[in-house]
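Below is one structure, written out as structure tokens, with a few remarks after it.
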Amino acid sequence: QVQLVESGGGLVQPGGSLRLSCTASGIIGSIGDMGWYRQAPGKQRELVARITRGGSASYADPVKGRFTISRDNAKKTVYLHMNSLKPEDTAVYYCNVKTLMNDFWGQGTQVTVSS
């Protein structure tokens, strides 16, 4: 059974930092791209950042320069380091893991940026 376990969300003040983690288990075969998406209330889910197996990263424009995605292939874990957080970053953040044949999602972790 495939599981993506996310952690690290919470409440933080504007300008603060958080680190999200997502660890995959039960996946057979090679893991390809890993990424983070987010969905704010009343909005569609959007890509935040993704990283290839080789470590090439790409970011959505609103988070460039503030967020950093990284991965540990041996641990099957992807991270999202979020700095200079803004109220508009408030959303449920979802981990996504792709294999050759499948697309897996985490359960989501809430990030709230508020004073």
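Numbers at a glance
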| item | result |
| --- | --- |
| Filtered residues of the stretch 44-54 (kept if surrounded by fewer than 18 Cβ atoms within 10 Å (Cβ to Cβ) and either touching a helix residue (DSSP H, G or I) at 6+ places or on another chain (Cβ under 7 Å) or touching a residue at least 12 places away in the same chain (Cβ under 8 Å) (or both)) | Arg45, Glu46, Leu47, Thr52, Arg53 |
| Members of the stretch 85-106 found to be outside any strand (DSSP E or B), open to solvent by 60 Å² or more (accessible area, probe 1.4 Å) and either at pLDDT 95 or above or under 19 Å from Tyr59 (Cβ atoms) (or both), listed by number | Lys86, Pro87, Glu88 |
| Leading residue by the ranking (nearest to Thr23 (Cα to Cα)) among those in the stretch 60-70 that are surrounded by fewer than 21 Cβ atoms within 10 Å (Cβ to Cβ) and touching a strand residue (DSSP E or B) at 6+ places or on another chain (Cβ under 8 Å) | Ser70 |
| Filter pass, Gln39 being in contact with a Leu (Cβ under 8 Å, 6 or more places away or on another chain) and surrounded by fewer than 17 Cβ atoms within 10 Å (Cβ to Cβ) | no |
| Residues satisfying the stated conditions in the stretch 2-21, i.e. part of a loop (DSSP other than H, G, I, E, B), open to solvent by 50 Å² or more (accessible area, probe 1.4 Å) and over 17 Å from Lys75 (Cα atoms) | Gln13, Pro14, Gly15, Ser17 |
| Subset of the stretch 32-51 (residues that are part of a loop (DSSP other than H, G, I, E, B) and either of a type outside the set (S, T, N, Q) or touching a Pro at 6+ places or on another chain (Cβ under 7 Å) (or both)) | Gly32, Asp33, Ala40, Pro41, Gly42, Lys43, Arg45 |
| Residue in the stretch 11-21 that is touching a residue at least 12 places away in the same chain (Cβ under 8 Å), of a type in the set (Ser, Thr, Tyr) and out of contact with any strand residue (DSSP E or B) (no Cβ under 9 Å at 6 or more places or on another chain) present | no |
| Pairs with Cβ under 7 Å, 6+ apart, first in the stretch 69-82 and touching a residue at least 24 places away in the same chain (Cβ under 8 Å), second open to solvent by 40 Å² or more (accessible area, probe 1.4 Å) and not in a strand (DSSP E or B) | Asn73/Arg53; Met82/Ser17 |
| Selected residue (only one of Ala24, Ala57, Ala74 is open to solvent by 20 Å² or more (accessible area, probe 1.4 Å) and under 17 Å from Leu4 (Cα atoms)) | Ala74 |
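The values are calculated or read from the model by the stated rules, or taken from the named source; none is laboratory data. Just so it is clear, the model here is predicted, and its values are computed rather than measured. So basically every Cβ, Gly included, is an ideal-geometry build from the backbone, and we count neighbours across all protein chains shown. For accessibility, only protein heavy atoms count, side chains too; no ligands or nucleic acids. Shrake-Rupley method; radii C 1.70, N 1.55, O 1.52, S 1.80 Å.
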